[in-house]
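Novice: Provided herewith is a single structure, encoded as structure tokens, for subsequent inquiry.
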Amino acid sequence: MKMITRDTDYAIRALSYMVASGGDTATVSALSKKLGIPRAYLRNILQRLGREGLLESTRGKGGGFSLVRDPKKITVFSLMEIFQGEFQLSDHIFRGKICPEVKVCSLKMKLDLIENRLIKELRSISIRSIVTR
């Protein structure tokens, strides 16, 4: 089981590179070459980040993608939500339905504690903190 998917990983790498290089406009081609990510795949990721309000795109000469949101406010958790959906360690399904013991299940309670701690940690990791380490 992977906690961070390829899309999320590529988004983290692209945003980190953009921040580390001064936050200037970056082209898909330049990012693709520098990061070793297939161009078409990366373009889709950057477009998705644009739709989510993290980047803006400019067409034409001198165009590309640039950060719109403060990199201190872009977290690993927020990127996981964009590319992976709701974060949940376990949905507690038993035979296609919610487990009847869900309110008293000790495993669920422990998993919920772990999930909450993990979410807190992932929310504390910003793109800016990745770049400054």
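FYI, it's all coordinate maths here, none of it is from the lab. Note that the coordinates shown come from a computational prediction; the quantities given were computed from them, not determined experimentally. With ideal geometry, Cβ positions are generated from the backbone for all residues, glycine too; neighbour counts draw on all protein chains shown.
Novice: Sort out for me the Cα centre separation of the range 1-56 from the range 82-103, rounded to whole Å.
Specialist: Each part's Cα centre sits 30 Å from the other's.
Novice: A further question on this structure: Any chance you could give the angle, 0 to 90 degrees and rounded to 10, that helix 6-20 forms with the longest Cα principal axis of the chain?
Specialist: For helix 6-20, the angle is close to 50 degrees.
Novice: Next question. Taking the chain as a Gaussian network, Cα atoms linked when under 10 Å apart, which of LYS120, LYS108, LYS61 shows the biggest mean-square fluctuation?
Specialist: LYS61
Novice: I would also like to ask the following. Treating cross-link reach as a plain straight distance, find the aspartates and glutamates whose alpha-carbon is under 18 Å from the alpha-carbon of LYS103, omitting any fewer than eight places away in the same chain.
Specialist: ASP91, ASP112, GLU115
Novice: Can you work out ³J(HN,Hα) from phi for every residue in the range 63-74, in order, using Karplus 6.51 cos²θ - 1.76 cosθ + 1.60 and θ = phi - 60°, giving whole Hz and x for Gly and Pro?
Specialist: Karplus values, whole Hz, x for Gly and Pro: x, x, 10, 9, 5, 10, 9, 4, x, 6, 9, 9.
Novice: Taking all pairs of different Cα atoms in the chain, averaging 1/r and flipping that mean, what Kirkwood radius in angstroms comes out? Before the final figure, lay out the partial values.
Specialist: Values: mean 1/r = 0.0608 Å⁻¹.
Mean inverse Cα-Cα distance, inverted, gives 16.4 Å.
Novice: Still on this structure: Which loop-located chymotrypsin sites (Phe, Trp or Tyr not before Pro) does the range 1-61 contain, where loop means any DSSP state but H, G, I, E or B and the Cβ has at most 10 other Cβ atoms within 10 Å? Numbers along the way, then the final one.
Specialist: Working: sites: TYR10, TYR17, TYR41; in loops: none.
Here no loop site has a sparse enough neighbourhood.
Novice: Over 26 Å between Cα atoms, which of LYS73/LYS110; LYS34/LYS61; LYS2/LYS73 qualify? Don't skip to the answer; put the middle values down first.
Specialist: Details: LYS73/LYS110 29 Å; LYS34/LYS61 20 Å; LYS2/LYS73 24 Å.
Checking Cα-Cα distances, LYS73/LYS110 exceed 26 Å.
Novice: Going by average Cβ density within 10 Å per residue, which order do the peptides 18-30, 69-81 take, highest to lowest?
Specialist: Numbers: 18-30: 15.0, 69-81: 18.4.
Output ranking for 18-30, 69-81: 69-81, 18-30.
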